[in-house]
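A short worksheet on the structure shown next.
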Amino acid sequence: MEKIPLLGLGTWKSSPNQVTEAIKAAIDLGYRHFDCAFIYNNEKEVGEAIEQKIKDGTVKREDLFIVSKAGDDDLPKDQNGMIIASETDYLNTWEAMEDLLSEGLVKAIGVSNFNHKQIERLLNKPDLRYKPTNNQIESHPFLTQEKLINYCHSKGISVTAYRPLGGTSDIFNEPIIKKIAEKYNKSAAQVLIRFHIQRNVAVIPKSVTPSRIKENFQVFDFELAKEDMDALLSLNKNLRLAQFPGAENHKDYPFNIEY
Ligand SMILES: NC(=O)c1ccc[n+]([C@@H]2O[C@H](COP(=O)([O-])OP(=O)(O)OC[C@H]3O[C@@H](n4cnc5c(N)ncnc54)[C@H](OP(=O)(O)O)[C@@H]3O)[C@@H](O)[C@H]2O)c1
């Protein structure tokens, strides 16, 4: 089974003219997991950075875990551009991904934003060749996702937490998070990242700022006490920041059930 480094660098909204330097700095600091997607419109620049770091001998390709995402380009859409794909279309996409894995073109395949029912349906697919390695979902103390994480782990599926810092929300100013950060002499961002690592959940904070890329990696020299983990978990209010506006009426919209 392919191992996913617990800490990775997100690249959504990393502008093409900043992302190359960000990735190079991250590789120098020790990041080995990068979360990318064709629709982030910066994969070419991400690739250039990785190529340079392989060429200069800093890292080997096989030591990097690079995530990309299947686009929705081939899925059927209505006249307004909304996806109207059926379950069969999605399952066809999964089969195409299984082909990539069996041909050795990718190391692992996974899903994103799947609720537990959708994972269950995939796992029950009669001719399933490979189960998903990972489910990438939004998670932070305002959306702790304990049930979905426990479900995935019980099925041997790892979880990656996206938007761990709450994107641009004011999660950094939450008094309990600030207090915990002060207690450990760490930043709020470092506490928010460490929170996932201690749950055995991979985490992919995004930054294009070298000092923050460094700060976000300095999370292996402290451990949150159980009482602090519990305090962070108690902040849950099922606040979903990534809602994918416009998709709410799709029959497979994943966020209409509890988990
Ligand atoms: N599968 C999906 O549907 C999905 C959806 C959303 C996101 N994702 C993935 O998850 C990644 C992370 O999520 P996200 O980018 O939405 O949000 P995020 O990582 O929670 O937050 C990123 C924001 O926090 C800032 N930041 C980073 N480190 C900081 C620090 N130490 N102190 C203060 N601010 C800091 C960044 O600014 P600077 O860059 O300016 O430093 C950026 O504005 C994405 O980049 C993407 O790869 C996946």
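Dipole magnitude for the chain: about 680 debye, using +1 per Lys or Arg Cβ and -1 per Asp or Glu Cβ, origin at the Cα centre. The longest part of the chain holding none of the exposed loop GluC sites (Glu not before Pro), meaning those outside H, G, I, E and B in DSSP with at most 16 other Cβ atoms within 10 Å, is 104-222.
Charged neighbours of residue 181, selected by a Cβ distance under 11 Å, balance to +2 (K, R count +1; D, E count -1). Between the stretch 21-43 and the stretch 44-87, the alpha-carbon centres lie 11 Å apart. With an a/c value of 1.5 or above and a/b not larger than b/c for the gyration tensor axes a ≥ b ≥ c computed over the alpha-carbon atoms, the chain is described as oblate. The residue list 80, 126, 201 was ranked by how far each Cα lies along the charge dipole of the chain toward its positive end, using unit charges on Cβ atoms, and 201 comes out on top. When the trypsin sites (Lys or Arg not before Pro) in the stretch 202-251 are filtered for DSSP coil states and for at most 15 other beta-carbon atoms within 10 Å of their beta-carbon, the remaining sites are 237, 240, 251.
Take the stretch 121-252 with all the other protein chains still there, run a 1.4 Å probe, and you get 49 Å² of accessible area per residue. Please give me the summed charge of the neighbours of residue 162: other residues whose Cβ is under 14 Å from its Cβ, Lys and Arg +1, Asp and Glu -1. Taking every Cβ under 14 Å from that of residue 162, the sum is +3. Panel note: the C-alpha atoms of the stretch 1-75, placed on their principal axes, show extents of 39, 35, 20 Å (largest first).
Of the heavy-atom accessible surface of the chain (probe 1.4 angstrom), what whole percent is carbon and sulfur?
Whole-percent figure for carbon plus sulfur exposure: 51.
Cross-link pairs exceeding 27 Å in C-alpha to C-alpha distance, out of 24/107; 3/77; 3/155; 44/107, comprise 3/77. Take the Kirkwood radius over Cα pairs of the stretch 40-135, plug it into Stokes-Einstein at 37 °C and 0.692 mPa s, and you get 209 µm²/s for translational diffusion. All alpha carbon pair distances within the stretch 81-204 were sorted into 10 Å bins beginning at 0; the resulting P(r) in whole percents reads 12, 35, 29, 16, 7, 0.
The values are calculated or read from the model by the stated rules, or taken from the named source; none is laboratory data. Not measured: the values here are computed from a predicted model. Virtual Cβ from ideal backbone geometry, glycine too; neighbours counted across all protein chains shown. With ligands, DNA and RNA removed, areas are computed over all heavy atoms of the protein, side chains included. Shrake-Rupley method; radii C 1.70, N 1.55, O 1.52, S 1.80 Å.
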